[in-house]
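Below is one structure, written out as structure tokens, with a few remarks after it.
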Amino acid sequence: MFDLWDKIQQSLHLKSQRHFTGGIVHARQYKITAHQPIITCPVPDVLIHPIKQHIGEPCEPLVKVGDRVLRGQMIAKAQGYLSVPVHASTSGTVFKIEDHTIPHPSGMGLPSIFIKADGLDEVDESLHPLPNYRSVDAVELRERIRNAGIAGLGGAVFPTFIKLVHDHHNPVETVILNGIECEPWLTNDHQLMVEKAHEIISGMDIVLHLVEAKQGIIAIEDNTLDAVEVMQKALVDMGLTELIRVQVLPTKYPQGGEKQLIQAITGKEVPAGRLPLHVGVVSFNVGTSKAIYDAVCLGEALTERIITVSGDIVEKPANMVVRLGTSMRFLLSECGVADFDNLKIIHGGPMMGELMSSIDVPVVKASNGILAMQRQTIMQAHHEEEPCIRCGDCGDVCPAALIPNLLAKHCKEDQFERAEDYQLFDCIECGACSYVCPSHIPLVHYFRYGKGQVAQIQREKTFAEESRMRSDKRDARLAQELAEKEEKRRIAQEKKEARAKALAEQEAKKAAEEVDAPKTIENKPEETS
Amino acid sequence: MDFLFPIIIFSLLALVIGVGLALASRYFHVEGDPLADTLDNLLPQTQCGQCGYPGCKPYANAVAAHEADINHCVPGGERTMLAIADIMGVEPKTIEQEATAPVVAYIREDECIGCTLCIKACPVDCIIGAPKQFHTIITDHCTGCTLCLEPCPVDCIDMIATPELLEHWSWPVPGTKRALTGEQRKTQHEGVSGEKHV
């Protein structure tokens, strides 16, 4: 195996000299679904579509209860800029629109559109295929990718169309296709690369055309060498070897993190709080690339995705094509899970995934894996927190070069300002520090708590600022009203006084006239004379 | 005569600096009390009057003038009290009254008679309506101060819990035994220090 690896490296000059700071190496044995062909999950009777499946603003439902919808029909439209629409995953009838639990650690719900499938699976033909995408206007292509509802399928679900901009001030030099599956257990991206290499590369070509980049790099880790071979072959077949190359990276977690991958490939670090575009890079997941190909060349909206279903209670772990909106209970029963009382599910991978409070949550665009574990396994994995012994292991593995033990201490003591000074918000929550901690300190949990509290304090501050402004304006208005009243009273008073004065004057005049009257009479004869 | 030089030099220096300071205090004069403004910035601006002062600003003025205690702000809670103690350079004190969960006012519009009394009472102008028309509350701006409850002649205003939003949800503190022990120790410690100063 090692000989083969060395041979490939030598022949292709693929060996990467660069790497990102920190990181850990997982045992390969957990990838039990590796090399298992992708199978198709049947369409369930009921599909549940939450109105927000991406990062950004929620969508607005376009359908009413009783409407018939087709597969790929837009059922909720994007609102605002940072938003992508939601589509029906099969044909059927909308039978209710109400709150339903979504895959989120809070266990809270969002308004969701429930569709009763009619089994016909009729496809909506409103998006025309654009196979000659090179002759299509970039604006139209972007709009197409947005209208197909595509958001990053690696798990972050950032609306993809926002990344695909050609900006003359900030040109994109490199497009990186993220074929790194660094989470243990998950194998969906690997299998997708093996089976759909042509589609993925076509999707990447569309992106290269859109952002007018000079080179494309497909990043693959050295534990999935079969994907490297397939990709190389597909590139040769399609005649794109000049434009796109494959780069093999040594396996390390969390290499699939956007900033880590960019550092490993280009050697450039994305500054804190900036987008990869700042260093001239756009990166996206292989699943997203396939979705872009489907949307542009086939005219299909995003209605399904590939998921790894695995875990120690799953009898038939598999890589599956699943319609968005499929209930996880249905999916697990398809994979041979019978005992639903004795399991916990993790949405995502074991390192960054979140424990779900319910198994009746739907599959969404962010679902890259579902791990169903026996309750017992989860309980055994839980250790009681011990004191920090300052071994420094967490700092060694942190891919963001933070000091996790200090950060956790500050978060624990509610000293969030200090935590922010130690760059709490640079933490990508990869979980490497918690994984290596010999004292079993739930470091990432503390960081999530800290981040939430900082956001809460910030919200309260903004609200207080608004309230103060409103209160000040009210005070000013009341003062003005009072002043106006005072002014009116003063004017009235003045008028009254003036009237009184005039009256007094008149009376005085009258009195004077009365006094003067005899005089005039006396004078009269003089005038006449 | 040598001893006169330093005296003259320092006298002149004192004169120049004195004039400079006098001019500075005149031309760079700051309106209002900067300390009170800083304290006002820390307060939650609910304008609820639970501290016994008619609003956040008057309370900040009173604290800045050492007339009021630092622990009277109910909605601000412990965090605000600690921040005030930090700025005023005094020992923290225990909060006398626990803050309730955040609430917003809600008008049962069917019962509203349109008397405009609540509109006049609202310190942040977040009630809209006109005489003889029913009123309603702009929930986004309501601070939950409850000042509108008292003047309402038909008692048609309810205080309801602020709806929890998904995007405002945040992770709770880890539930490990150690985290809980730390929390307990912290509250215990605060209790002891609080009793000492009350």
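The values are calculated or read from the model by the stated rules, or taken from the named source; none is laboratory data. Predicted, not measured: the structure shown is a model, and the values here were computed from it. Note that each Cβ is placed from the backbone with ideal geometry, even for glycine, and that neighbours are counted across all protein chains shown.
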Identity of the residue in the range A:25-64, farther than 21 Å from A:Val361 by Cα and aliphatic (A, V, I, L, M), that ends up surrounded by the fewest Cβ atoms within 10 Å (Cβ to Cβ): A:Ala27
Residues satisfying the stated conditions in the range A:385-402, i.e. part of a loop (DSSP other than H, G, I, E, B) and acidic (Asp, Glu): A:Glu385, A:Glu386
Residues satisfying the stated conditions in the range A:436-453, i.e. closer than 16 Å to A:Phe416 by Cβ and within 7 Å of another protein chain (Cβ to nearest Cβ): A:His445, A:Tyr446, A:Arg448, A:Tyr449, A:Gly452, A:Gln453
Residue selected from the range A:356-411 under the condition among the charged types (D, E, K, R) and under 30 Å from A:Pro159 (Cα atoms), by the criterion farthest from the chain's Cα centre (by Cα): A:Asp360
Extreme residue, nearest to A:Ser467 (Cα to Cα), among residues of the range B:110-145 that are more than 14 Å from chain A (Cβ to nearest Cβ) and touching a strand residue (DSSP E or B) at 6+ places or on another chain (Cβ under 6 Å): B:Thr136
Matching residues in the range A:454-467 - criterion: being of a type in the set (S, T, N, Q), facing chain B (nearest Cβ under 9 Å) and surrounded by fewer than 20 Cβ atoms within 10 Å (Cβ to Cβ): A:Gln456
Hey, A:Ala479 within 21 Å of B:Lys57 (Cα to Cα), more than 9 Å from every other protein chain (Cβ to nearest Cβ) and free of Cβ contacts under 8 Å to residues at least 40 places away in the same chain or not: yes
When residues of the range A:95-128 are limited to those that are in contact with a Ser or Thr (Cβ under 7 Å, 6 or more places away or on another chain) and among the small types (Gly, Ala, Ser), the one nearest to the other protein chains (Cβ to nearest Cβ): A:Gly109
Checking A:Ile389 against (1) touching a residue at least 60 places away in the same chain (Cβ under 8 Å); (2) surrounded by fewer than 18 Cβ atoms within 10 Å (Cβ to Cβ); (3) more than 30 Å from A:Glu334 (Cα to Cα), the condition it does not meet: (1)
Of the criteria (1) buried (at least 21 other Cβ atoms within 10 Å of the Cβ); (2) within 30 Å of A:Glu300 (Cα to Cα), which one A:Arg329 fails: (1)
Test for A:Thr251: is it among the β-branched types (Val, Ile, Thr) and within 28 Å of the chain's Cα centre (by Cα): yes
Which listed residue, of B:Thr176, B:Thr181, B:Thr139, is modelled with pLDDT of 80 or more and polar (S, T, N, Q): B:Thr139
Hits in the range B:26-52 (condition: away from chain A (no Cβ under 13 Å) and in contact with a Cys (Cβ under 9 Å, 6 or more places away or on another chain)): B:Gln50, B:Cys51
Flag for B:Thr94 being on the phi < 0 side of the Ramachandran plot, polar (S, T, N, Q) and not in a loop (DSSP other than H, G, I, E, B): no
